[in-house]
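Asker: Here's a structure for you.
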Amino acid sequence: MRAVISTSTAEADLYLQGAHVTHWTPRGQRSVLFVSPKSLFTPGTAIRGGVPVIFPWFGPRSDGKPGPAHGFARTAEWAIEGTKLRDDGNVEIALVLSPNDTTRGLGYDSFHLRLRATIGSSLEIELETRNDAKEPLTYEEALHTYFAIADIRQTSVSGLEATAYIDKTDGFKRKKLGNEPVRIAKETDQVHLSTKATCVIHDPVWQRRIIIEKAGSDSTVVWNPWIDKTKGMSDMAPDGWQNMICVEVANAADNAVHLGPGASHMLRAAIHIGSSLA
Ligand code: BG6
């Protein structure tokens, strides 16, 4: 089930499965989010594109216990908490995820997630995590956003200059980016650590910049599967890698969040569009 939002400033779709925004198109713009035409949209299967919500671990589960890649939040059915048409014309939708049999089976029985998406000429997503346990909770999280771009080879991402990162394509080696933007010319899967910076995706072909501001996030992940990995993905078209880049507002690896009993943490992303000349 999904919400279809159409306002004077934007159109968007939001699925209850995963609290997953799949489309967001500000009026007068091309679609900002990439969604694979081969994505299955089947209950229990992660949607390939849009903004998957990753919680409580990033990538494979690392504590030796079983569990799906990138956690359970993106395939869980969330509940609607409320919707609001604001005076400024933007629409807010709040969804919540509480423990259920699946999460309890994975050992998570005392958390509360609340996601609020605000849709307008900007897209804002807030993910609040509350630890309802008597014990501390350590978790990873991400808004694993797939952005639509004209051509990955001509795209760059600024904002991560001189940051340290884990290169997941090179045995998880720790590296440092030079004083230059990220450019993609091969499979790229890097977790940039301890960075709160705004990132900008520069798309010279479509002559736009996608600006990603964030708060409550110390990691930014950049991912493109490139040619070979895409071939092995049944929910991607063979050339899908050319038109997408994930720039993910996250807390992962060294930047996992530690929450005391009763404590909350808020992760925020705000996405705006600028012209390439501005
Ligand atoms: C990225 C990870 O965020 O997500 C990659 O860094 C992973 O390692 C990618 O391959 C896609 O993951 P999935 O589970 O949606 O195929």
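Asker: Inspect all residues belonging to the range 263-271 and state whether any of them is open to solvent by 10 Å² or more (accessible area, probe 1.4 Å), part of a strand (DSSP E or B) and within 15 Å of S158 (Cα to Cα).
Answerer: No, the range 263-271 contains no residue that is open to solvent by 10 Å² or more (accessible area, probe 1.4 Å), part of a strand (DSSP E or B) and within 15 Å of S158 (Cα to Cα).
Asker: Looking at D132, D109, which is the one that is acidic (D, E), free of Cβ contacts under 8 Å to residues at least 40 places away in the same chain and open to solvent by 10 Å² or more (accessible area, probe 1.4 Å)? Step through it out loud before you land on a result.
Answerer: On the way: D132 fails: free of Cβ contacts under 8 Å to residues at least 40 places away in the same chain.
Going through D132, D109 in turn, just one is acidic (D, E), free of Cβ contacts under 8 Å to residues at least 40 places away in the same chain and open to solvent by 10 Å² or more (accessible area, probe 1.4 Å): D109.
Residues checked against (1) away from the ligand (no atom under 16 Å from the Cβ); (2) in a loop (DSSP other than H, G, I, E, B):
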{"residue": "K38", "(1), (2)": "no, yes"}
{"residue": "T42", "(1), (2)": "no, yes"}
{"residue": "I47", "(1), (2)": "no, yes"}
{"residue": "D87", "(1), (2)": "yes, yes"}
{"residue": "V96", "(1), (2)": "yes, no"}
{"residue": "T103", "(1), (2)": "yes, no"}
{"residue": "H112", "(1), (2)": "yes, no"}
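Asker: In the set R183, R130, R116, which member is at pLDDT 95 or above, among the charged types (D, E, K, R) and out of contact with any Ser or Thr (no Cβ under 6 Å at 6 or more places or on another chain)?
Answerer: Details: R183 fails: out of contact with any Ser or Thr (no Cβ under 6 Å at 6 or more places or on another chain); R130 fails: out of contact with any Ser or Thr (no Cβ under 6 Å at 6 or more places or on another chain).
Result: R116 is the single residue among R183, R130, R116 that is at pLDDT 95 or above, among the charged types (D, E, K, R) and out of contact with any Ser or Thr (no Cβ under 6 Å at 6 or more places or on another chain).
Asker: Output yes when any residue across the range 50-62 is more than 12 Å from the ligand (Cβ to nearest atom), out of contact with any helix residue (DSSP H, G or I) (no Cβ under 6 Å at 6 or more places or on another chain) and open to solvent by 50 Å² or more (accessible area, probe 1.4 Å), and no when none is.
Answerer: The answer is yes; a qualifying residue exists.
Asker: Sticking with this structure for a sec: Kindly indicate whether T220 is within 12 Å of the ligand (Cβ to nearest atom), hydroxyl-bearing (S, T, Y), open to solvent by less than 30 Å² (accessible area, probe 1.4 Å) and without any contact (Cβ under 8 Å) to a residue 60 or more places away in the chain. Step through it out loud before you land on a result.
Answerer: Details: within 12 Å of the ligand (Cβ to nearest atom): yes; hydroxyl-bearing (S, T, Y): yes; open to solvent by less than 30 Å² (accessible area, probe 1.4 Å): yes; without any contact (Cβ under 8 Å) to a residue 60 or more places away in the chain: no.
Spelling it out, it is not the case that T220 is within 12 Å of the ligand (Cβ to nearest atom), hydroxyl-bearing (S, T, Y), open to solvent by less than 30 Å² (accessible area, probe 1.4 Å) and without any contact (Cβ under 8 Å) to a residue 60 or more places away in the chain.
Asker: Among the listed residues R86, R61, which satisfies the condition of being more than 20 Å from F172 (Cα to Cα) and basic (K, R)? First the steps, then the outcome.
Answerer: Working: R61 fails: more than 20 Å from F172 (Cα to Cα).
Checking each option against the conditions leaves just R86.
Asker: Any residue in the range 223-246 that's within 17 Å of Q190 (Cα to Cα): show its pairings with residues that are part of a strand (DSSP E or B) and among the acidic types (D, E) at Cβ separation under 6 Å, as long as the two are six or more apart or on different chains.
Answerer: W223/D189
Asker: Just for the range 178-205: of the residues that are away from the ligand (no atom under 16 Å from the Cβ), over 20 Å from V32 (Cα atoms) and not basic (K, R), which one is surrounded by the fewest Cβ atoms within 10 Å (Cβ to Cβ)?
Answerer: So, considering only residues that are away from the ligand (no atom under 16 Å from the Cβ), over 20 Å from V32 (Cα atoms) and not basic (K, R), the one surrounded by the fewest Cβ atoms within 10 Å (Cβ to Cβ) is N179.
Asker: Just give me the residues in the range 99-154 being more than 18 Å from the chain's Cα centre (by Cα), closer than 22 Å to S62 by Cα and hydrophobic (A, V, I, L, M, F, W, C), in sequence order.
Answerer: Passing the criteria: L106, F111, A133, L137.
The values are calculated or read from the model by the stated rules, or taken from the named source; none is laboratory data. The structure displayed is predicted, hence computed values, not measured ones. For neighbour counting, all protein chains shown are included, and Cβ atoms are generated from backbone atoms with ideal geometry for every residue, glycine included. Keep in mind that these areas ignore ligands, DNA and RNA; they rest on the heavy atoms of the full protein, side chains included. Shrake-Rupley method; radii C 1.70, N 1.55, O 1.52, S 1.80 Å.
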